[in-house]
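K.L.:
Can you read through this structure? Questions will come right after.
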Amino acid sequence: MAKKINMVAVVTMCFIFAMISFVTNMAAPFGNIWSYRYEWAGMAGNLMNFTAYLFMGIPAGNMLIKYGYKKTALIALVVGIVGLGIQFLSSIVGAGVEVVGSGQSAICLNLFIYLLGALVCGFCVCMLNTVVNPMLNLLGGGGNTGNQLIQIGGTCNSLAGTLTPMLTGVLVGTLSEQTSMSDVSPLVIAGMCIFAVAFIIISFVKIVEPQGDLSTVTYEKSPLAFRHCTLGIIAIFFYVGIEIGIPGELNAYLSHMTDAAGNPVKGAAAVAGSLAALYWLLMLCGRFLSSFISGKISTRTQMISVTSVAVLFVLIAIILPESVSMNIKDVDVPVKCVFLFLCGICTSVMWGGIFNLATEGLGKYTAKASGLFMTMVVGGGVMPFIQDAIGRSAGYITRYWLVIAMLLYILYFSIWGSRNVNKDIKVD
């Protein structure tokens with residue numbers, strides 16, 4: 001008999017999934033604003049956002065066990081409002097207050113305020129991620145149906161991710177030294193309002209805990225005792241680095257294009273935002289398609305296919321000369337960028353696929369495993385930061401060899417590393 005799915009809980013989790021992407025995808029375009037004054041700051045907000053996962057992942061998993069899914073989500077939403085509020089303050093406080101250095105090398109207070117806000121928002125999305133992924137998987141009963149629900153949630157996630165860079169690009173237009181956080185403050189305020197509405201809605205929604213009261217469960221082992229879970233946690237670290245790094249670095253590259261005289265290309269930031277939105281739109285399409293086929297095509301098959309294609313796309317992008325370009329709204333964009341944004345269709349199913357494969361058969365250990373997974377989402381800050389450093393020292397396209405290496409590991413996990421070889425461990 002097919003398991004009856006709690007649709008109220010599913011819809012609620014999908015809404016939360018969208019909020020995660022809305023907040024997370026502010027970091028890269030906001031970083032472009034800061035990088036005009038501080039070259040190193042382009043991915044600093046992104047790094048702070050994902051560093052939060054390193055500190056909050058395991059505590060978030062423990063919160064899930066102690067307070068349950070609904071209360072953890074509500075706490076996260078309050079934290080999100082605070083984090084966005086701090087980022088908003090960076091647009092009106094401390095712009096002329098130098099706290100490190102002086103003159104051209106001075107770092108002003110408002111940058112530190114922004115980075116603090118990015119860190120707090122990272123705590124928020126870490127807690128939300130800890131809630132939605134295991135809950136959707138458990139609501140579907142694991143397996144292909146569990147993956148199907150995660151992909152449906154991922155579709156909502158990608159829809160929000162498509163809108164964020166696009167709206168930022170519209171608000172900014174042409175990026176210059178005069179661009180500041182005040183230009184994007186309407187988006188930050190909108191995020192605070194959405195979080196507040198989400199808090200009210202979820203407060204009144206009845207959500208039945210899919211695993212009952214986890215606080216009374218005895219854990220004889222750690223989720224790391226499962227080889228496929230451990231390898232999956234590493235795969236998540238690399239995957240988030242890929243997902244964030246590809247559009248984030250391309251957004252930064254295109255936004256900072258200059259003409260022959262060295263002046264910023266007019267409208268480049270808007271084009272960059274549109275192309276970043278295209279990446280997330282392709283992720284939306286991929287997840288939407290996967291939500292239909294996941295009930296029939298196994299997660300492993302999907303993962304092997306999309307990872308192989310992603311490797312091919314990135315290789316083509318590396319090989320294509322930069323001189324091969326196309327004109328978009330009077331901005332010459334290298335064709336290689338198209339192949340990198342096409343990776344969105346491939347990365348679309350990887351998050352849900354890796355989580356589904358790595359938690360298959362974990363039973364009562366799923367909540368603890370989710371906390372460990374969230375800890376390793378710090379890869380979304382670490383790997384793009386490394387990519388950015390490589391790009392500044394060795395050239396723009398060189399950084400994508402790191403993406404190739406990470407994709408090859410995920411391919412290994414999909415083929416061999418995701419098999420559960422620890423079925424002797426009691427999980428109920």
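The values are calculated or read from the model by the stated rules, or taken from the named source; none is laboratory data. Quick caveat, the model's predicted, so the values are computed rather than measured. Quick reminder, even Gly has a Cβ in these numbers, built from the backbone with ideal geometry, and neighbours come from all protein chains shown. Remember, those area values only see protein heavy atoms, side chains included, never the ligands or the DNA or RNA. Shrake-Rupley method; radii C 1.70, N 1.55, O 1.52, S 1.80 Å.
K.L.:
Compute the distance in nm between two label points, each set 7 Å from the Cα along the Cα-to-Cβ direction, one at Tyr412 and one at Ser305.
P.N.:
That separation, rounded to one decimal, is 2.5 nm.
K.L.:
DSSP loop (so not H, G, I, E, B), at most 16 other Cβ within 10 Å: list which trypsin sites (Lys or Arg not before Pro) in the range 319-428 pass both filters.
P.N.:
Taking the range 319-428 and a limit of 16 other Cβ atoms within 10 Å, the loop trypsin sites (Lys or Arg not before Pro) found are Lys329, Arg419, Lys423, Lys426.
K.L.:
Can you compute the FRET efficiency between Ala261 and Phe55 using 1/(1 + (r/R0)^6), with r the Cβ-Cβ distance and R0 = 60 Å? Round to the nearest 0.05.
P.N.:
0.85
K.L.:
Place a +1 charge on the Cβ of each Lys and Arg in the range 281-428 and a -1 charge on the Cβ of each Asp and Glu, then give the dipole magnitude about the Cα centre in debye, rounded to the nearest 20.
P.N.:
Dipole magnitude for the range 281-428 comes out near 440 debye.
K.L.:
Give a residue-ordered list of calculated ³J(HN,Hα) values for the range 304-309 (Karplus: 6.51 cos²θ - 1.76 cosθ + 1.60, θ = phi - 60°; whole Hz; x for Gly, Pro).
P.N.:
4, 5, 5, 5, 4, 5
K.L.:
Separate question: Rounded to whole Hz and in sequence order, give me ³J(HN,Hα) for the range 386-398 from the Karplus expression 6.51 cos²θ - 1.76 cosθ + 1.60, θ = phi - 60°, writing x for Gly and Pro.
P.N.:
5, 4, 4, 5, 4, x, 6, 9, 10, x, 3, 6, 4
K.L.:
Leaving out ligands, DNA and RNA, and with a 1.4 Å probe, what % of the accessible surface on the range 1-81 is carbon or sulfur?
P.N.:
72 percent
K.L.:
Now, a different point. In nm, give the distance between the simple-model label positions of Glu322 and Ile107, each being 7 Å from the Cα along the Cα-to-Cβ direction.
P.N.:
2.8 nm
K.L.:
Which residues does the label zone of Lys221 cover in the range 339-374, counting backbone N under 14 Å from a point 7 Å along Cα→Cβ?
P.N.:
Inside the label zone: 359-366, 369.
K.L.:
Under a point spin-label approximation (7 Å from Cα along Cα-to-Cβ), what is the Lys329-Arg392 distance to one decimal in nm?
P.N.:
If labels sit at Lys329 and Arg392, their model points lie 2.7 nm apart.
K.L.:
Placing unit charges on C-beta atoms (Lys and Arg positive, Asp and Glu negative, everything else neutral), compute the dipole magnitude of the chain about its Cα centre in debye, rounded to 20.
P.N.:
1340 debye
K.L.:
Projected onto the charge dipole of the chain (+1 at Lys/Arg Cβ, -1 at Asp/Glu Cβ, origin at the Cα centre), which of Val333, Asn62, Ile319 gives the Cα projection farthest towards the positive end?
P.N.:
Asn62
K.L.:
So what is the 222 nm mean residue ellipticity for the chain from helices alone, if each DSSP H run of at least 4 adds -39500 (n - 2.57) and you divide by all residues, rounding to the nearest 500 deg cm²/dmol?
P.N.:
Mean residue ellipticity at 222 nm (helix-derived): -23500 deg cm²/dmol.
K.L.:
Quick one: pull the percent of accessible area on the range 307-428 belonging to carbon and sulfur, 1.4 Å probe, ligands and nucleic acids left out.
P.N.:
66 percent
K.L.:
Amide H to amide H under 5 Å from Ser325: which residues, 5+ apart in sequence or cross-chain, H placed 1.01 Å off N in plane?
P.N.:
Residues meeting the criterion, in which the H sits 1.01 Å from N, are Val335.
K.L.:
Suppose every Lys and Arg Cβ carries +1 and every Asp and Glu Cβ carries -1, with no other charges. What dipole size does the range 206-359 come out with about its Cα centre, to the nearest 20 debye?
P.N.:
My answer is approximately 420 debye.
K.L.:
Output the relative contact order of the chain, whole-number percent, from Cα pairs under 8 angstrom with separation of 6+ residues.
P.N.:
RCO, the chain: 26 percent.
K.L.:
Only sites in a loop by DSSP and with at most 15 other Cβ atoms within 10 Å count here; which GluC sites (Glu not before Pro) in the range 213-310 make the cut?
P.N.:
Answer in residue order: Glu220.
K.L.:
What FRET efficiency, computed as 1/(1 + (r/R0)^6) with R0 = 45 Å and r the Cβ-Cβ distance, is obtained for Ile92 and Asp424, rounded to the nearest 0.05?
P.N.:
Computed FRET efficiency for Ile92 and Asp424 comes out at 0.15.
K.L.:
Also, quick follow-up: Just the number please: accessible area per residue for the range 109-155, 1.4 Å probe, all protein chains included, in Å².
P.N.:
It amounts to 19 Å² per residue over the range 109-155.
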